[in-house]
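Read through the structure below, which is laid out as structure tokens, and then see the notes.
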Amino acid sequence: MKIGIVCYPTFGGSGVVATELGMALAQKGHHVHFITYKQPVRLDFISNDIHFHEVFVEEYPLFQFQPYELALSSKMVEVVRMYDLEILHVHYAIPHAYAAYMAKQMLKEKGIDIKVVTTLHGTDITLVGSHPNYKTAVEFSINNSDAVTTVSESLKNDTLRLFNITKEIYVINNFIDFEKYPEIGSEECQRHTIAKENERIITHISNLRPVKRAWDVIDVFYKIQKEVPSKLLLVGEGPDRERIECQAKDLGILDKILFLGNSNEVNKLLCYSDLFLLPSETESFGLAALEAMAARTPVISTNSGGLPEVNINGVTGYLSNVGDTDDMAMNGISILKNDQTLQQFKENALMQAKRFSLQNVLPGYKEVYREVIANCC
Ligand code: GMT
């Protein structure tokens, strides 16, 4: 198949999923064209079957805001025509699904029936998409896609609750390419470079936006390290970085925290971890939690959104109410304080992550592609 993938090329989960999907499809011999404003950060696979098309928006004094959707839909039309694409798979509704609808209409004028698949990722529905400023256009572009997928049952339910949806929604979960995860104890994973023998390693990865409640990460870590000697690895950059640095300084634990910034090698960093913290306000799926589990790391998370579909309470980690950092810390300590318990949770986490392997999830997308193409003309 010839597929155009449109996504945010940054460190966010939707861009990661779109990029990993494109690389996996190319490895299976499909022709993949990424259409976005920058090369996706996770794009680390070069092949004859992967192409990148940059969407460039010219500056012009009249524009207060750059008309990105316009440039994107024009680029989609150009690439579909040039490379005879059959499908445009857009990740994150805003503005990608709307731009794809425009491209579809322009191509129709030229006698081309391009199929649009929209994957909803979370905040495009829960936080931003349902805002009155966007709701009408988001609902319209979902209903006018040829197929719609969400990354969890929870997000499907949110979409149906917040919008008037006339289309079938297929749930296709986030996935993990296990080939990218180093073996524990391999040369790439030498934990003594980070912590002392008696210390546990706790990790949090996010874009440090308010929805992630990174201040709860610091609070939970503060409570855990009083009982269990430990270090905190903080991966990612975002608006709450300064706030949590000050919080850690005030609590006197700054020297126990490593701020590592953005990384496109989270798989390698996670192999050091004994516990992963994800105290988000909401999370449609929680790809970061799944990535942690794939590296045998139990997860302490909230019970909101799709997290209970990924993290199984009492098995792969624990679920707590949003903001209940006492409960999170207590659960974390119960996992970390005993070697045998920790080992059991690590094994369970890996086993659960394997349910979401690339091999298990990829056929779902291919089935959707086949179905939209079969419904052609
Ligand atoms: O979590 C973020 O802020 C990034 C966001 C995105 O759109 O890139 O992630 C969303 O999509 C991921 C991939 O499908 C999901 O695993 C995340 O749970 C989801 N984030 C939220 O719902 C807050």
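Which lysines have a Cα lying under 24 Å from the Cα of residue 354, excluding residues fewer than 8 positions away in the same chain?
Cα-Cα hits under 24 Å: 28, 156, 180, 268, 346, 366.
Does the stretch 1-157 come out rounded, prolate or oblate, given a ≥ b ≥ c as the square roots of the eigenvalues of its C-alpha gyration tensor, rounded meaning a/c under 1.5 and, failing that, prolate meaning a/b above b/c?
It comes out rounded by the Cα gyration axes.
What number comes out for accessible area per residue over the chain if the probe is 1.4 Å? Units Å², please.
Value for the chain: 44 Å² per residue.
Note down the nm distance, to one decimal, between modelled labels 7 Å out along Cα→Cβ at residue 251 and at residue 64.
For the pair residue 251/residue 64, the computed spacing is 4.1 nm.
Work out the FRET efficiency for residue 57 and residue 265 from their Cβ-Cβ distance, taking R0 = 30 Å, and round it to the nearest 0.05.
0.50
What is the helix-to-structure angle for 339-354, meaning the angle in degrees between its Cα long axis and the longest Cα principal axis of the chain, kept from 0 to 90 and rounded to the nearest 10?
With both axes taken from Cα atoms, the answer is about 10 degrees.
Taking amide hydrogens as modeled 1.01 Å from N in the peptide plane, which residues meet the under 5 Å criterion relative to residue 6, leaving out close sequence neighbours?
HN-HN under 5 Å from residue 6: 35, 89, 90, 91.
Does anyone have the angle between helix 214-227 and the longest principal axis of the chain? Alpha-carbon axes, 0 to 90°, nearest 10?
Once rounded, one gets 20 degrees.
Amide H to amide H under 5 Å from residue 317: which residues, 5+ apart in sequence or cross-chain, H placed 1.01 Å off N in plane?
Correct list: 299, 312.
Which value at 222 nm does the chain reach when only helices count, each DSSP H run of 4 or more adding -39,500 (n - 2.57), with the total divided by all residues and rounded to the nearest 500 deg cm²/dmol?
-12500 deg cm²/dmol
With a 10 Å cut-off between alpha carbons and a GNM built on the chain, which of 12, 122, 317 moves the most?
12
Per-residue HN-Hα couplings for the stretch 139-155, Karplus 6.51 cos²θ - 1.76 cosθ + 1.60 at θ = phi - 60°, whole Hz, x for Gly and Pro?
Going residue by residue, I get 4, 4, 6, 5, 5, 9, 7, 6, 8, 10, 10, 10, 8, 7, 5, 4, 5 Hz, with x marking Gly and Pro.
Apply the a/c threshold of 1.5 to the C-alpha gyration tensor of the chain and tell me whether it is rounded, prolate or oblate.
In terms of gyration-tensor shape, prolate.
Assuming a ≥ b ≥ c are the square roots of the Cα gyration tensor eigenvalues, decide whether the stretch 178-243 counts as rounded (a/c under 1.5), prolate (otherwise, with a/b larger than b/c) or oblate.
It comes out oblate by the Cα gyration axes.
What do you reckon, how do 192, 96 stack up by accessible area (1.4 Å probe), largest on top?
Sorted descending by solvent-accessible area, the residues read 192, 96.
For the stretch 180-355, what's the relative contact order in percent, using C-alpha pairs closer than 8 Å and at least 6 residues apart?
Result for the stretch 180-355 is 23 percent.
Using the Karplus curve 6.51 cos²θ - 1.76 cosθ + 1.60 with θ = phi - 60°, what ³J(HN,Hα) values do you get for each residue of the stretch 294-300, in whole Hz, with x for Gly and Pro?
Using θ = phi - 60°, the values come out as 5, 9, 6, 10, x, 10, 9 Hz.
How do the peptides 163-172, 202-211, 57-66 rank, highest first, by the average count of neighbouring beta carbon atoms within 10 Å per residue?
202-211, 163-172, 57-66
Hey, what do the phi angles of the stretch 28-41 turn into as Karplus ³J(HN,Hα) couplings, whole Hz, using 6.51/-1.76/1.60 and θ = phi - 60°, x for Gly and Pro?
Computed from phi, the couplings for the stretch 28-41 are 8, x, 7, 9, 10, 10, 7, 10, 6, 7, 7, 5, x, 5 Hz.
Taking amide H positions as placed in the peptide plane 1.01 Å from N, state which residues far from residue 258 in sequence (5 or more) or on other chains have amide H under 5 Å from it.
Those lying under 5 Å, H to H, from residue 258 are 232, 233, 234.
Quantify, in whole percent, the carbon and sulfur part of the accessible surface of the stretch 312-374 (1.4 Å probe; protein heavy atoms only).
Carbon and sulfur atoms account for 49 percent of the accessible area of the stretch 312-374.
The values are calculated or read from the model by the stated rules, or taken from the named source; none is laboratory data. Given the structure is predicted, the values throughout are model-derived calculations rather than measurements. In this analysis, Cβ positions are derived from the backbone assuming ideal geometry, glycine residues included, and neighbour counts consider all displayed protein chains. Just the protein is used for accessible areas: all its heavy atoms, side chains included, with ligands, DNA and RNA removed. Shrake-Rupley method; radii C 1.70, N 1.55, O 1.52, S 1.80 Å.
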